[in-house]
Amino acid sequence: MTNIYRSQFRMPFSLFEKLKAEAGRAGRSVNAELVGRLERSLTDSSNDIDMRIIFEALERLSKRNPDLRYSFGVNLGPQNDVRPSEIERGNWTLAADPGNPVADLIAQKEAGDSA
């Protein structure tokens, strides 16, 4: 483990509690959650990363507000999908479309949740 920098950081306890809760929801350690979030924030953004962040935020919102259903549409250049994506109680309702990168992300997320 020579490529690991061991450190000790200070943060407000309330921020640590939020980080700990998010790590628990993601099923990983607080350290893994912190490293993942730092990597995402310091990596050059791409559409895939931005879309994943949006999807994760929508999942958190839908779980916090189970009586609401969130609908949105994404148009990627000439690729026009008239079906809106929907998420309710953390569950996506748009069926996967193999030719559509956004639907592929949703299908990957669903496959990960059922594993």
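The values are calculated or read from the model by the stated rules, or taken from the named source; none is laboratory data. Everything numeric here is computed off the predicted structure, so don't read it as measured data. Positions of Cβ are backbone-derived with ideal geometry, glycine not excepted, and every protein chain shown enters the neighbour counts. For accessibility, only protein heavy atoms count, side chains too; no ligands or nucleic acids. Shrake-Rupley method; radii C 1.70, N 1.55, O 1.52, S 1.80 Å.
Checking the conditions here, which among 89, 83 is basic (Lys, Arg), at pLDDT below 75, surrounded by fewer than 14 Cβ atoms within 10 Å (Cβ to Cβ) and under 15 Å from the mean Cα position of the chain (by Cα)?
89
Across the range 1-31, what is the total count of residues that are in a helix (DSSP H, G or I), open to solvent by less than 100 Å² (accessible area, probe 1.4 Å) and touching a helix residue (DSSP H, G or I) at 6+ places or on another chain (Cβ under 7 Å)? Lay out the reasoning, then the answer.
Step one: filter the range 1-31 for residues in a helix (DSSP H, G or I), giving 13-26, 30-31.
Checking which are open to solvent by less than 100 Å² (accessible area, probe 1.4 Å) leaves us with 14-17, 19, 21-24, 26, 30.
Next, only the ones that are touching a helix residue (DSSP H, G or I) at 6+ places or on another chain (Cβ under 7 Å) stay: 19, 22-23, 26, 30.
Of the residues in the range 1-31, 5 are in a helix (DSSP H, G or I), open to solvent by less than 100 Å² (accessible area, probe 1.4 Å) and touching a helix residue (DSSP H, G or I) at 6+ places or on another chain (Cβ under 7 Å).
In this structure, is residue 103 within 16 Å of the chain's Cα centre (by Cα), at pLDDT below 70 and either over 30 Å from residue 4 (Cα atoms) or open to solvent by less than 90 Å² (accessible area, probe 1.4 Å) (or both)?
For residue 103, the condition - within 16 Å of the chain's Cα centre (by Cα), at pLDDT below 70 and either over 30 Å from residue 4 (Cα atoms) or open to solvent by less than 90 Å² (accessible area, probe 1.4 Å) (or both) - is met.
Can you name every residue in the range 32-56 that is under 23 Å from residue 11 (Cα atoms) and either of a type in the set (Gly, Ala, Ser) or open to solvent by 80 Å² or more (accessible area, probe 1.4 Å) (or both)?
Matches in the range 32-56: 32, 36, 37, 38, 39, 41, 42.
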